[in-house]
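One structure below.
The values are calculated or read from the model by the stated rules, or taken from the named source; none is laboratory data. None of these values were measured; they are calculated from a predicted model. Using ideal geometry, Cβ is built from the backbone for each residue, glycine included, and neighbour counts are taken over all protein chains shown. Protein only, heavy atoms only, side chains kept; ligands, DNA and RNA dropped before computing areas. Shrake-Rupley method; radii C 1.70, N 1.55, O 1.52, S 1.80 Å.
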Amino acid sequence: MITADLFYASEAPGLQQGDILLAGVSRVTAEDNFSPSQWDQLDAQEVLLSGAKPDMGPIRLFAGFGLVMVTSHDCQLEKEWNCRRSELVAAGSTTDEAEAAADADGSLDRTVVASPLIDPDDLSSVDRGNLLGGHIVGYVPVPPSENGTVPESVVDLTYRCTLDRFDVVRVASLTPLARSQLRYALIRLDALRTPHLDF
């Protein structure tokens with residue numbers, strides 16, 4: 001695991017991949033309400049949506065609140081904003097005016113995909129050294145922040161939720177080195193058949 005001084009950025013622009021947020025999370029579950037033990041803290045509320053399925057059966061979900069890491073790529077986060085900015089510049093606005101107008105447009109780029117931070121001690125079946133060393137597929141180690149707002153944890157990439165960027169609070173941002181670590185972990189989980197890059 002890289003150290004906090006190499007992991008956390010002191011300053012950051014707008015929302016970007018790897019940002020750590022305080023946000024609500026939720027997930028749909030089967031009738032038996034199965035929940036892995038590492039998600040207990042996130043499963044604060046059980047919600048039953050009666051008659052939501054085509055057969056009028058219920059949809060069951062768990063919801064909670066906690067720290068999450070943005071997994072959406074920056075291209076997804078900025079694509080609508082960039083298009084709107086280009087339209088405004090083409091229509092005669094200055095770059096500053098176009099950027100200010102795009103920033104003020106509440107309909108742009110609101111969707112953010114994120115995964116929760118969990119306590120590594122809650123993953124008792126996994127070797128802690130390998131987990132915090134970044135060697136377990138599906139997890140990204142996170143060192144404790146120097147200001148104490150982020151505890152030592154791992155991002156559980158197997159839990160993904162969609163958030164509204166206007167309903168989150170940014171707690172920390174990552175350095176380019178740490179974002180690269182996240183991107184590699186996402187590739188290992190989603191795209192590679194082996195953990196080795198053989199291009």
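Ligands, DNA and RNA are left out, and with a 1.4 angstrom probe the accessible area of the chain is 55 Å² per residue.
Size descriptors for the range 127-185, from the alpha-carbon set: Rg then Dmax equal 12.5, 37 Å.
Ratio of alpha-carbon Rg to the 2.2 N^0.38 Å globular estimate for the chain, to two decimals, please.
Dividing the Cα Rg of the chain by 2.2 N^0.38 Å gives 1.15.
Counting every pair of alpha carbons in the range 13-91, the share spaced more than 21 Å apart comes to 53 percent.
Sorted largest first by accessible area at a 1.4 angstrom probe radius, with every protein chain in place, the residues M56, M69 fall in the order M56, M69. Across the protein chains, with a 1.4 Å probe defining accessible surface, the residues C161, C83 rank C83, C161 from largest area downward.
Dipole magnitude for the range 1-150: about 380 debye, using +1 per Lys or Arg Cβ and -1 per Asp or Glu Cβ, origin at the Cα centre. When you restrict to C-alpha pairs under 8 Å that are six or more residues apart and normalise by the size of the range 1-95, the relative contact order lands at 32 percent.
Using heavy atoms of the protein chains and a probe of 1.4 Å, the accessible area assigned to E97 is about 110 Å². The distance separating the Cα centre of the range 105-135 from that of the range 1-42 comes to 5 Å.
Once neighbouring chains are kept in place and the probe is 1.4 Å, which whole percent of the accessible area of the range 24-168 is contributed by carbon and sulfur? Intermediate values should be presented prior to the final figure.
Numbers: 3960 of 7880 Å².
Carbon-and-sulfur percentage of accessible area, whole number: 50.
Evaluate E = 1/(1 + (r/R0)^6) for F166 and D32, where r is the Cβ-Cβ distance and R0 equals 22 Å; express this FRET efficiency to the nearest 0.05. My answer for the efficiency is 0.05.
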